[in-house]
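Data first, discussion second: the structure below is written as structure tokens.
Where a number appears in this text, it was derived from the coordinates with a stated rule and is not lab data. Bear in mind that the values here come from a model prediction, so they are computed numbers and not experimental data. Positions of Cβ are backbone-derived with ideal geometry, glycine not excepted, and every protein chain shown enters the neighbour counts.
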Amino acid sequence: MSDITALANRRLLDGERLKALNGTQGYRNVGFDVLTLCAMLRENWDSVSGRTGVQTAEINDAEQLADRLISAVGRREQGEAAVAEATELRQRVFTLFMRSYEEVRRAITYLRWHDDDVDRIVPSLYTTGRSSRRKSDIEPKPETPPAGGTSPAAPTGPGTPARPVTTGGSAAPGMADDEPFGPA
């Protein structure tokens, strides 16, 4: 670079083109600056050949290296764009898959509502690795009688019929013979 600056100071090379160089920030800038310098030397070779230590073979080597550098930078930048594009496509496909899978789960849930086997047929993708316990796997806790000595009323679930209330009175079947909220 010092030879080229000296040649520009002697007005053998165009100093304005030297000022237009991009500098050493980034491989792309370096590659294009080297190509510019090589072009300047080739264009003015007749007037500078005896006044510089640079040989034509070195100019050729510098041009080849600059071309390789610019090509490598271009491949790297295109690779980043390709990776970004592939990442976006992967995210879109995953979103579409998840939406479709949830629609299938909704349909199976609707069709198999009374069979209670949706998670076996179409398991949720949001589980954390622990399998959920089925209702049949859960053991009922043994009930202990309260301290007062009276036992609580038997629970009535959806499959257990309620016991009819019997009163010793003379009311018609299904009718209470006294006040509904206590003795009169």
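Restricted to Cα atoms, the range 1-110 shows a radius of gyration and a Dmax of 26.2, 90 angstrom. Taking 20 Å as the cut-off, the amide N atoms of the range 32-49 that come nearer than this to a point 7 Å along the Cα-to-beta-carbon line of E16 belong to 33, 36-45. For E80, the shell of other residues with beta-carbons less than 15 Å away shows a net charge of 0, using +1 for Lys and Arg and -1 for Asp and Glu. Extension gain for D117 to S100 (0.36 nm times residue separation, less C-alpha to C-alpha distance): 4.2 nm.
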